[in-house]
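Enquirer: Dropping the structure in here first, questions after.
The values are calculated or read from the model by the stated rules, or taken from the named source; none is laboratory data. No experiment lies behind these values; they were computed from the predicted model shown. Here Cβ is always computed from backbone atoms with ideal geometry, including for glycine, and neighbour counts include all displayed protein chains.
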Amino acid sequence: MTLVLLALAILVAPAPRKAIDRLRPKAHDPPRRVTTPDGPFERAAALDLMAACLKAGLPVPTAIRAVGIEELNQTAELLALGADPVAAWAPALERPVTAALARAARRTARSGAALARQAAELAERTRAEARDQAEAKAQRAAVTVAAPLALCFLPAFLCLGVLPVVLGLAGQFLK
């Protein structure tokens, strides 16, 4: 029985060369994807990552590339080439996703304040706004759900609870 299973394993098992080749990176592997954060929590996480990179001592262009936000690629390239920070952050001002970060970066470039702290505060503000919006949606949902309940249960309460009492009292008074 052992010999049969061993022979079956040899026939079914992949060749070691193929298994090793699968583990090696290929020359034609696509480069790392640069994405746009979809939701507010993804944007906040990207801003936190940028703040961590800046606190670790990375230059701003390298931190931007590490975050991988597509809208900031042009800004990173301009900063890496030595452009004026106010001018380099101008393209990011045009996009709503990166406008707040661009304003903070331009402000820190003029004043000399740390961009890492500004990015962390912006991340926290983004999360707070997202929580507020989620809470407002939940409150609106509660009101929206209450209307159909009132439309269904109020007539049932009247028919089953109030109407028999009123008819019973009316019958006694009419005698």
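Enquirer: Those residues that are out of contact with any Cys (no Cβ under 6 Å at 6 or more places or on another chain), surrounded by fewer than 23 Cβ atoms within 10 Å (Cβ to Cβ) and free of Cβ contacts under 8 Å to residues at least 24 places away in the same chain, I need them from the range 54-66; list them, please.
Expert: Once the filter is applied, which keeps residues that are out of contact with any Cys (no Cβ under 6 Å at 6 or more places or on another chain), surrounded by fewer than 23 Cβ atoms within 10 Å (Cβ to Cβ) and free of Cβ contacts under 8 Å to residues at least 24 places away in the same chain, the range 54-66 yields A56, G57, L58, P59, P61, T62, R65.
Enquirer: Considering A92, A104, A44, A83, which residue is modelled with pLDDT of 90 or more, surrounded by 14 or more Cβ atoms within 10 Å (Cβ to Cβ) and not in a helix (DSSP H, G or I)? Outline the logic, then answer.
Expert: Numbers: A92 fails: not in a helix (DSSP H, G or I); A104 fails: not in a helix (DSSP H, G or I); A44 fails: not in a helix (DSSP H, G or I).
Criteria check complete, one pass: A83.
Enquirer: If a residue has to be closer than 18 Å to R117 by Cβ and charged (D, E, K, R) to count, how many in the range 46-100 make the cut?
Expert: So the answer is 2.
Enquirer: Would you check which residues across the range 125-169 are among the hydroxyl-bearing types (S, T, Y) and within 30 Å of A104 (Cβ to Cβ) and list them?
Expert: T126
Here's the yes/no breakdown for (1) more than 26 Å from the chain's Cα centre (by Cα); (2) loosely packed, with under 15 Cβ neighbours inside 10 Å; (3) of a type outside the set (V, I, T); (4) not assigned by TED's automatic domain parsing to the domain that holds L49:
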| position | (1), (2), (3), (4) |
| --- | --- |
| Q118 | no, no, yes, no |
| A150 | yes, yes, yes, yes |
| V166 | yes, yes, no, yes |
| Q172 | yes, yes, yes, yes |
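Enquirer: Evaluate the following for A150: is it modelled with pLDDT of 85 or more and out of contact with any Pro (no Cβ under 7 Å at 6 or more places or on another chain)?
Expert: Against the criterion (modelled with pLDDT of 85 or more and out of contact with any Pro (no Cβ under 7 Å at 6 or more places or on another chain)), A150 does not qualify.
Enquirer: Which residue, of A63, A19, is modelled with pLDDT of 80 or more, assigned to a helix (DSSP H, G or I), out of contact with any Phe, Trp or Tyr (no Cβ under 6 Å at 6 or more places or on another chain) and of a type outside the set (S, T, N, Q)?
Expert: Of the residues listed, the single one that is modelled with pLDDT of 80 or more, assigned to a helix (DSSP H, G or I), out of contact with any Phe, Trp or Tyr (no Cβ under 6 Å at 6 or more places or on another chain) and of a type outside the set (S, T, N, Q) is A63.
Enquirer: How many residues, within the range 107-116, are hydrophobic (A, V, I, L, M, F, W, C) and loosely packed, with under 14 Cβ neighbours inside 10 Å?
Expert: Summing the residues that are hydrophobic (A, V, I, L, M, F, W, C) and loosely packed, with under 14 Cβ neighbours inside 10 Å in the range 107-116 gives 2.
Enquirer: Looking only at the range 69-80, which residues are surrounded by 17 or more Cβ atoms within 10 Å (Cβ to Cβ) and either outside any helix (DSSP H, G or I) or aliphatic (A, V, I, L, M) (or both)?
Expert: I69, L72, A76, L78, L79
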